[in-house]
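Just below is one structure, and these are the notes that go with it.
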Amino acid sequence: MSAQDLITTRAAQAEVAPTGFLEPLHGVVALAILLAIFVTLSPFTDLSDPYVVDLLSGKEAVTYITLFALAVLSGLLLYGRLRLVVGALATTANFLLLAWLVVTVVSSTEPSTSARRLVITGTTFALAAALPWLTKGLRHFTNLMIAAVVTALVLSYLGALVVPHLTIHQLTDLIETDIAGDWRASMVTRISPPR
């Protein structure tokens, strides 16, 4: 590697890596994003509650506000490097996906619910694009991912021990009654125990 290449590489790293007194906040926001996505804001919900089932139709205001606030905070922290985040999103594939999503919202039988879901999808895209730029590099990003995954797993196992009626599908659930007895964990995905 020539001296000029080394200087160019160092300059690029300095431009990308978080610096200044807000540097620790970058990692905190990145971890908050990962936890909001992996664990969610309500990891253990009672699926026998009609209000919760109604929330599943796209009316989770607290989730929308939290993710939007994280996106705004990420944008503020990355203000000088926002072009890097936008550049990661401004691809032909993403524009085609956006066009398709708009078509599906317009042609939906529930346009208001679809529009809310489009907003949260766009916010999630923005968070996903900002996440790598909030970290100091691959090792920092990996450590944050490990922390988020370990937190999700610990919550899942603790939930099964402490509140099994909320972490295991019940016959009284208003949705997904056909999988009663399966482990729900703290995440949205279903994890079935071995039979």
*Check residue 39: other-chain or 5+ apart residues with amide H under 5 Å from its amide H, H built from backbone geometry?*
none
*Whole-number D in µm² s⁻¹ for the range 74-165, Kirkwood Cα-pair radius fed into Stokes-Einstein, 25 °C, 0.890 mPa s*: 153 µm²/s
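Any read-out appearing in this document is the output of simple, stated calculations on the displayed coordinates, not a laboratory observation. On a predicted model such as this, the values are computed, not experimentally measured, just so you know.
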